[in-house]
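One structure is given below, encoded as structure tokens.
Read-outs throughout are calculated quantities, based only on the coordinates presented, and are distinct from any laboratory measurement. Every value quoted in this text rests on a predicted model; they were computed, and no experiment measured them. Here the Cβ positions follow ideal geometry from the backbone for every residue, glycine too, while neighbour counts run over all protein chains shown.
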Amino acid sequence: MAEKNSVLIDGQVVPLNGEKSILELTRKIGIELPTFCYHSELSLYGACRMCVVEIEGRGIMASCSTPPVPGMKILTNSPRVQRVRRTVLELLLANHDRECTTCDRNGTCKLQDLANRFGVKKIRFGERDLKLPLDTSSPSLVRDPNKCILCGDCVRMCSEVQGIGVLDFNGRGSSAQVTPAFNKDLAEVDCVNCGQCSAVCPTGAIVVKDETDRAWAAINNPEKLVVVQVAPAVRVALGEEFGLPAGELVTGKVVAALKRLGFDKVFDTSLAADLTVIEETNEFIDRLQKGERLPQFTSCCPGWVKYAEHNEAEYLKHLSSCRSPQQMFGSLVKKHWATELGKKPEDIFVVSIMPCTAKKYEAGLPQFTTDGVPDVDLVLTTQELARMIREAGLLFDQLEVESFDTPFGFTTGAGVIFGATGGVAEAVLRAAHELVTGEPIEQVNFTEVRGFDHRKEATVEIAGQEIKVAVVHGLANAKALLKELKEGKVHYDIIEVMACPGGCIGGAGQPISTSPETKKERAKGIYNADKLSQIRKAQDNPVVTKFYERWLEKPNSHAAHEALHTAYVNRSRINGEQIQLLTSKQKEQVDVAVCVGTCCYLKGSYDTLNKFMQQAEAAKVTDKINLYATFCLEGCEQSPAVKVNNQIINGVTPDQAEKVFKEKVLSKLE
Amino acid sequence: MNNPALDQLKQWQQQWQQAFQKEKARILVCAGTGCVANGSLQVYQALKQEVEARGEFVTVDLILEEEKSGVTVVKSGCHGFCEKGPLVRLEPSGVLYTKVKPEDAAEIVEALINNGEPVERLLYRHPVTGEVFAQENQIPFYRHQKRTSLLHCGVIDPENIREYIVDDGYQALIKAVTTMTPEEVCREILDSGLRGRGGGGFPTGRKWEFTRIEEGPKKYVICNGDEGDPGAFMDRSLLEGDPHRILEGMAIAGYAVGADEGYIYVRAEYPLAVERLKNAIAAAHEYGLLGQNILGTGFNFEIKIKEGAGAFVCGEETALIASIEGKRGMPSPKPPFPAQSGLWGKPTLINNVETFANVALIIRQGADWFRQFGTEKSPGTKTFAITGQVANTGLIEVPMGITLRDVVFEIGGGIRDGKKFKAVQIGGPSGGCLTEEHLDLKLDYDSLLSAGAMIGSGGLVVMDEDTCMVEVARFFMNFTQNESCGKCVPCREGTKRMLEILQRAVDGEGRPEDVELLQDLAEAVRDGSLCGLGKTAPNPVLTMLKYFKDEYIAHVVDKKCPAGVCSALKGYYIVPEECKGCSKCARSCPVQAISGEIKKPFTIDQDKCIKCGACVSTCPFKAIKEG
Amino acid sequence: MKQELLKTTPEEEQSSTYQRKFEKVNEVINRLGRSRSALIPILQEVQEEYRYLPEEILTYIATALDLSPASVFGVATFYAQFSLEPKGKYVIKICDGTACHVRGSDPVREALLKRFNLEGKKRTTDDLRFTVETVSCLGACGLAPVVLINDKIYGQMTPEAINLIIDEIMKEDAEDE
């Protein structure tokens, strides 16, 4: 007799404890049902049909979307279930570019794994008939539509977790594809290069761009001094590639491996992170005292920065002007260290080992150069480093630990916790009080900002002033926060944003993992490393102090700005030709363009445009004006923007339209 | 009991009923899509002019408002007998004219006004017996029908709410709202045994009850008018011919489940239906029969129209909801069912157009009245769109449980051009093919399901001996393959591969092992697909493999198309008995594929033959056949 | 001199239609609202105006409705009604529903494709006059096979009959210009 609140799974009585789905229940009793489209952090999709089970009286159902009901009789591996699963795999494989041996995901591909598990040895259907071109336009990612199984994981990741929606389905039926809007390349759309799509992709349809060849070339080039920096998050994840548990701290082995691979100097990005803390905290204190550009947003995450450049033009000036630790490091190496060594910037080849795909993009930005040479020449992800280690045949777990080289090797706990969400905020809090009052504080741990909640908040008192801190990770959470900020629902002074869920430890360059536990373990590793550090505050780092003495004078000095700060670009623009609404037929004429791009449009620029039309008609000057609707004048901060001849006028809201038209347009015709 | 709302309705009814007695005669011109395409609007104009010329013309409004006497000329909804359109029906005589042209108008009006004999050449003539029928209800096409939900189609002016009210319209709504509890309304529908007319046949009353018991201040009612089954057009006819009945059904449902807002989702291909609905909604508002505080009863109900954008899959309820929400119309897994979480996450009742068309009838006349038609488990009547190679095509309504034979041979008048019956495809791309052995099968949900077919929305395509069943299966697979949303793997990839296998059969490239492969794949797609579209997509293939396996084997093993349809498999052969051995064919053959001895039967070498057909036309004895 | 000023150049004419269309897009958005559920009705009306959905207009609509362009593109490519390429002045829809199919819609389509020299995936003539499409069912099965040209239904089609109708349309079209 089955118990009242239980179901029968493959003949076994299984009690129910509020499980939401049969899938969840089976996992509890040690049955791993196969899935492609199920991810606990994404919405239910129910499309891959791999997780189906047979339920008496109801037939074949997807276990991910069906809640267990007391008394259900469930078969997880009946002949009908087996046939569906094998057929699904066979159908997917038939339509899949099966060049497994040369695929980036060979060995980590879920399709390959499941085909193997289910013994699919023969494909009875025709080959894929369409060979679509690869999208290699992105500096970070490569999209291969021929390997896409349309599970939609990337689509949901990009829209639900990252709030961007760069990818979506288009077309339908067997011609459906996942692409950016209008089949454009990734580089042409608002992709922030966070790479989370590649992290959830079960196959090789979106992968991190592999640049290990360039690393080997540099290493084998005797002319170059090849230096490498290692980001904090790498040291708690690289071990996973070699069978070590997630979160195990392998700093010494990473250093050893890099040296064995032939890098001349191995440095720690955490040191640059300490520098970031000092610069950013000083910048914050300055803004706080002046009461301007608050809240201040962190700027270490290139995914977040690009997101803001595309979507939050009006908040760009709120971003800290600090470069990210990676770029501060590169800049110091090429601008100052090279000079000390008597080398030119091009003689040193700077490689970064990052948990992040967006760092590849960041390193290629034109502003991050010295004498026209990139400050960071090459960014490799944790995944790529693992590949190099394997290629070199190094037995990672047997390597003897080694330490970072000087001078960029001295680290504090503050720099290390940059790797987890909340780390930057915590590091800043460790420094802020002391930098304002000159008095060190006892408190080192600010645990309110740690952990995986969507938004974390803390209030601290600095010199009698209450400072409100917020931490978000995952850009959808950032988007929600910004919305509330705009609506005046919340108030903060400093906000940390990391694009990837969990912060850098959850970066898309990290070893592929589908378990949500992995990130938690990595975060534990990070905080463990912090706890073990002798020095835990950035301001106590003696090397950083020395850098100021030798190269940078003092925080936020001119020299520091030259080397460590940057500016942002507004990238919100609709691609499209401007639309001419009035055409002048007279010699005497004025060009007027009204922006109807995103920001301006949302602030009523279309009404402004209409008012201009009415005004022109009322003043009988329609034949003296070339009136355009244009898609971006890049004046988003004080939108709506209008351009009269060559002058840009900002803030032309509909109620200002009449005045502006009279003063700026009609005056030119008199 | 005092019931001011009902009194108001009845007062209107009586007032207008009396007025209608001033109407001397009525000429109804079918303005359904079929007849319009055949020029019925010109016929309407011509008839109107003729009546006007005789000084007898009045409008319905003139009769109602000024009690003028005269002859009205009215555009009606679809009569169903599209084959014979444009159709003109006379009231009160019940005479039906077929294939009317504008130039017939004078004669028709003359005969009508002078109370003369109907114009015989325009009456329906039985194609076989030659018998002439004057009255619509005598014509075999109509005689075997039982029109209840289609009752008004072709009889009243769909653009005039007053005609609907005269015929007891909106009384069911007022009855439900003023004399029944929502629970009682659900119970009445459940007791009637009404099952979803859109395909699945789920008991409507249960669906209502599920939605009713959900908590929450906001619920929705959706009318699914995304009639996408090729070969079915009953929803279109109902929406065009009797829109108020659908509105009333939806409003009753709203009251029963606790919703105050409804959506009608209409296919983009049905602009006339949209027009009529807009008109009807406005008129119902005008009379206080929709909107806030309906006839003072305190019940509120608003109806909005959503036009589809061309996706068959949106007939699936979760896809339809996604489409209303402005998304790609991709189905989502059930549970949760729309009754729990539907439009914008709110409890939502979705029924098909024809289902709603039955609601007011049941509420007004009771569950027992409804149960007198049809069978125990499938009570009521069902509309079918009967098309294909049948003599009379059109829209019919019959009691559930009628035999296929009655439908095809009595109502449909048998096969065209004296050909032989081969199969009926029922239920569109989700249904299956039935054969001669099923002719005495009862048309109801369960009998059809047991035969591997489905009522679906009621498309009934009759096929004759010249139809290739493999080609038909390919046709349906091509359809579902095109209309698959692409979300779940079995449907997206499976339909594509089934089509690939069927395509190579008709292209003459089939393989013997395909027989098993196709069966296996079809069953896996049926089991594994996410939504109803995918789950039923293999039905045409499975029934083909069940009932016409020989024909498929002929294609893939013998490389022959027995029906002679698949051109890649076409061949020419000489019938030995008819060949006189004259050698004309051999001489006409450009590739020397024909050989033989003079005065003995010649033969064609199939390997050499290029299927040019030159020999066929030269043979003086018609001894060369295609096949 | 004055005469010349009054004459409109082709470019000007184009700009004025563009202006009208742009105004239409805004009018439609304002009328139908900016909720996601208004997306499909907006696309329908905009397509009516342009006869297709140009990329920048789709991006513009995405902006107005606060949706990602990819998502709007996804909707626009899901429904058969929408076209991202300009359609012809006359859109000919050949019904290939079951009834039409078994009564010979294929030869009608072939005749049209041949007449307009439409090969491969090409469905619109170079002069943007005719677009030939296949639709699943127009619901006029009693008249099968059926062809819909813009808003007008033609029943019981044959290759010969459709060619005569096209002749007629071409004649009328030439007279219009």
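Among the listed pairs B:Lys306/B:Lys382; B:Lys304/B:Lys377; B:Lys175/B:Lys382; B:Lys382/B:Lys422, which have their C-alpha atoms separated by more than 29 angstrom in this model? Violating the 29 Å Cα-Cα cut-off are B:Lys304/B:Lys377. In this rough spin-label picture, where each label sits 7 Å from Cα along the Cβ direction, the A:Asp129-A:Glu41 distance is 3.9 nm.
Of B:Lys559/C:Lys114; A:Lys317/A:Lys611; A:Lys265/A:Lys335; A:Lys611/A:Lys662, which pairs sit farther than 20 Å apart, going by alpha carbon to alpha carbon?
On the way: B:Lys559/C:Lys114 29 Å; A:Lys317/A:Lys611 31 Å; A:Lys265/A:Lys335 17 Å; A:Lys611/A:Lys662 11 Å.
Table pairs above 20 Å Cα-Cα are B:Lys559/C:Lys114; A:Lys317/A:Lys611.
If packing is taken as the average number of other Cβ atoms within 10 Å across a peptide's residues, how do C:78-88, A:442-452, B:382-392 rank, most packed first? Could the numbers behind the result be given before it?
Values: C:78-88: 18.5, A:442-452: 15.5, B:382-392: 26.8.
With the highest mean Cβ count within 10 Å placed first, the list reads B:382-392, C:78-88, A:442-452.
Rounded to the nearest 0.05, the FRET efficiency derived from the C-beta distance between A:Thr545 and A:Asn5 at R0 = 51 Å is 0.20.
Taking 0.36 nm per residue of sequence separation and removing the Cα-Cα distance, the B:Lys580/B:Glu275 pair yields an extension gain of 103.3 nm.
Counting only other chain Cβ atoms within 10 Å of each residue's Cβ, the peptide A:49-58 averages 2. The phi-based Karplus calculation (6.51 cos²θ - 1.76 cosθ + 1.60; θ = phi - 60°) puts the 3J(HN,Hα) values of region A:153-169 at 4, 5, 4, 6, 4, 5, 8, 7, 8, 9, x, 10, x, 5, 9, 7, 6 Hz, whole numbers, x for Gly and Pro. The angle between the Cα long axis of helix C:69-78 and the longest principal axis of the Cα atoms of chain C comes to about 20 degrees, rounded to the nearest 10. Remark: the Cα gyration tensor places chain B in the oblate category, a/c being 1.5 or greater and a/b not exceeding b/c. The length gained on full extension between B:Lys599 and B:Tyr573, counted as 0.36 nm times the residue separation minus their Cα-Cα distance, comes to 7.7 nm. For a paramagnetic label modelled on B:Gln15 (point 7 Å from Cα along Cα→Cβ), amide N atoms under 19 Å away belong, within region B:288-308, to B:288-290, B:294-297.
P(r) for the protein assembly as shown, from all Cα pairs and a bin width of 20 Å, is 9, 30, 33, 21, 7, 1, 0 %, short bins first.
For peptide C:90-103, the mean count of partner chain Cβ atoms within 10 Å of a residue's Cβ comes to 6. Looking at region B:538-627, the GluC sites (Glu not before Pro) that sit in a DSSP loop and have at most 11 other Cβ atoms within 10 Å of their own Cβ are B:Glu577, B:Glu597.
When a/c is below 1.5 the answer is rounded, else prolate if a/b is larger than b/c, else oblate, so apply that to chain A with a ≥ b ≥ c taken from the square roots of the Cα gyration tensor eigenvalues. Write down the numbers at each step before the final one.
Values: a/c = 1.68, a/b = 1.18, b/c = 1.42.
Since a/c reaches 1.5 but b/c is at least a/b, the shape of chain A is classed as oblate.
Across the residues of A:582-595, average count of Cβ atoms on other protein chains within 10 Å? Let's see the in-between values first.
Numbers: counts 3, 7, 0, 6, 1, 0, 0, 0, 0, 0, 0, 0, 0, 0.
Mean shielding by partner chains, rounded to a whole number: 1.
Between B:Gln365 and B:Arg54, the modelled labels are 3.4 nm apart [label points 7 Å from Cα along Cα→Cβ]. Report the calculated FRET efficiency for A:Thr136 and C:Leu84 (r = Cβ-Cβ distance, R0 = 25 Å), to the nearest 0.05. Approximately 0.55, to the nearest 0.05.
First select every other residue whose beta carbon is under 12 angstrom from the beta carbon of A:Arg83; then total the charges, Lys and Arg +1, Asp and Glu -1.
Numbers: positive: A:Arg49, A:Arg80, A:Arg85, A:Arg86, B:Arg526; negative: A:Glu54, A:Glu90, B:Asp520, B:Glu523, B:Asp527.
Once positives and negatives cancel, what remains is 0.
Straight-distance candidates among the lysines for linking to B:Lys600, with alpha-carbon spacing under 19 Å and chain neighbours fewer than 8 residues away dropped: B:Lys580, B:Lys584, B:Lys622, B:Lys625.
Could you pull out the pairs from A:Lys334/A:Lys519; A:Lys110/A:Lys131; B:Lys327/C:Lys93; A:Lys306/A:Lys483; B:Lys346/B:Lys442 whose alpha carbons sit more than 28 Å apart here? Walk me through the numbers before you get to the answer.
Working: A:Lys334/A:Lys519 34 Å; A:Lys110/A:Lys131 22 Å; B:Lys327/C:Lys93 25 Å; A:Lys306/A:Lys483 18 Å; B:Lys346/B:Lys442 39 Å.
The answer is A:Lys334/A:Lys519; B:Lys346/B:Lys442.
Working note: 222 nm ellipticity from helices only, DSSP H runs with n ≥ 4, each -39,500 (n - 2.57), summed and divided by the residues of the protein assembly as shown, gives -11000 deg cm²/dmol to the nearest 500.
Given a Förster distance of 41 angstrom, what is the FRET efficiency for B:Asn114 paired with B:Asp406, based on the Cβ-Cβ distance and rounded to 0.05? Kindly include the intermediate steps, with their values, before the conclusion.
Working: r = 39 Å, r/R0 = 0.95.
The calculated FRET efficiency here is 0.60.
Pairs of Cα atoms nearer than 8 Å and 6+ residues apart set the relative contact order; for chain B it is 11 percent. Highest mean first, the peptides A:402-410, A:20-28, A:662-670, A:127-135 sorted by other C-beta atoms within 10 Å per residue fall in the order A:20-28, A:402-410, A:662-670, A:127-135. Each label point was placed 7 Å from the Cα along the Cα-to-Cβ direction; for A:Ile648 and A:Gln443 their separation is 4.2 nm.
Between beta-carbons, use under 14 Å as the cut-off and find the net charge around A:Lys668, counting Lys and Arg +1, Asp and Glu -1. Its environment carries a net charge of +1. Take every pair of alpha-carbon atoms less than 8 Å apart whose residues are at least six positions apart; their mean separation over the length of region A:579-669 yields a relative contact order of 39 percent. Ranked by the mean number of other Cβ atoms within 10 Å of their residues, highest first, the peptides B:74-84, A:290-300, B:265-275 fall in the order B:74-84, B:265-275, A:290-300.
Near A:Glu588: Cβ cut-off under 11 Å, other residues only, Lys/Arg at +1 and Asp/Glu at -1. The net charge is +2.
From a point 7 Å beyond the Cα of A:Ile29 in the direction of its Cβ, which residues of region A:61-101 have a backbone N at a distance under 14 Å? Of the residues in region A:61-101, A:68-78 have backbone N under 14 Å from the label point off A:Ile29.
Suppose a student asked you for the relative contact order of region A:517-653, using Cα pairs under 8 Å spaced at least 6 residues apart; what percent would you report? Walk me through the numbers on the way to the answer.
On the way: 179 pairs, mean separation 33.7, N = 137.
Rounded, it is 25 percent for region A:517-653.
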